[in-house]
1. Could you tell me whether any residue of the stretch 35-42 is touching a Gly at 6+ places or on another chain (Cβ under 8 Å), modelled with pLDDT under 90 and open to solvent by 40 Å² or more (accessible area, probe 1.4 Å)?
2. For the stretch 97-127, give me each residue that is within 16 Å of the chain's Cα centre (by Cα), open to solvent by 20 Å² or more (accessible area, probe 1.4 Å) and among the aromatic types (Phe, Trp, Tyr).
3. I'd like to check something: does the stretch 66-74 contain any residue that is modelled with pLDDT of 85 or more, over 13 Å from the mean Cα position of the chain (by Cα) and open to solvent by 40 Å² or more (accessible area, probe 1.4 Å)?
4. Search the stretch 40-51 for residues that are polar (S, T, N, Q) and pair each with any residue that is modelled with pLDDT under 90 and surrounded by fewer than 18 Cβ atoms within 10 Å (Cβ to Cβ) when their beta-carbon atoms are under 8 Å apart and the residues are at least 6 apart or on different chains.
5. How many of the residues in the stretch 3-24 are open to solvent by 40 Å² or more (accessible area, probe 1.4 Å) and in contact with an Asp or Glu (Cβ under 8 Å, 6 or more places away or on another chain)?
6. Kindly establish whether Leu110 is in contact with a helix residue (DSSP H, G or I) (Cβ under 6 Å, 6 or more places away or on another chain) and of a type in the set (A, V, I, L, M, F, W, C).
7. With the requirement that a residue be part of a helix (DSSP H, G or I) and under 13 Å from Gly111 (Cβ atoms), what does the stretch 22-47 give you?
8. Which condition number does Gly27 fail, the rest of (1) at pLDDT 80 or above; (2) small (Gly, Ala, Ser); (3) surrounded by 15 or more Cβ atoms within 10 Å (Cβ to Cβ) being met?
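The values are calculated or read from the model by the stated rules, or taken from the named source; none is laboratory data. In this text, all values refer to a predicted model and were calculated from it rather than measured experimentally. Heads up, the Cβs are rebuilt from the backbone with ideal geometry, glycines too, and the neighbour counts pull from every protein chain shown. These accessible areas exclude ligands, DNA and RNA; they are computed on the full protein's heavy atoms, side chains included. Shrake-Rupley method; radii C 1.70, N 1.55, O 1.52, S 1.80 Å.
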Amino acid sequence: MTIWTERPAKTDVEAVVCRYFSLLRAGKVPEAERLVDHSSVRHVLKSLWAGSVGASTDAEEASFSPAADAWERDLSWLCELDLGDFNWGHTGSHFYAEVTYRAQVIEVSLGFWIKPTDAGWVVAGPSTLW
């Protein structure tokens, strides 16, 4: 986990989130979890699936989509996701990152926040925002 001795700059935090997302996309879930003070990765993946591939209304595409929990066994669908814009709250301690599926912003965003700990400042999250 990245720990800063002083409150980190937004660009440093965003870099950690980009790395986190890059690792998720590559299916390296344990490595991604170690970058942030993490909540349930299963919940994050399930929400991303539901907001992207699972939300697809194209009948042909749906017929090729994995079954109910197959998204958990085959993470190849993650490679079609990207991060969109970062949107910071007015306090500068929390933000959400838009997520795109096939270059379209989906309904699910990932929320993160910067929090102080005994060791220093860390990035916590993500929460899933609908």
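1. Yes, the stretch 35-42 has at least one match.
2. Tyr101, Trp113
3. Looking through the stretch 66-74, at least one residue is modelled with pLDDT of 85 or more, over 13 Å from the mean Cα position of the chain (by Cα) and open to solvent by 40 Å² or more (accessible area, probe 1.4 Å).
4. Close Cβ pairs (under 8 Å, with a partner that is modelled with pLDDT under 90 and surrounded by fewer than 18 Cβ atoms within 10 Å (Cβ to Cβ)) amount to Ser47/Trp130.
5. 1
6. When the stated conditions are applied, Leu110 does not pass them.
7. If the condition is that a residue be part of a helix (DSSP H, G or I) and under 13 Å from Gly111 (Cβ atoms), then His43, Val44, Ser47 are the ones that fit.
8. (3)
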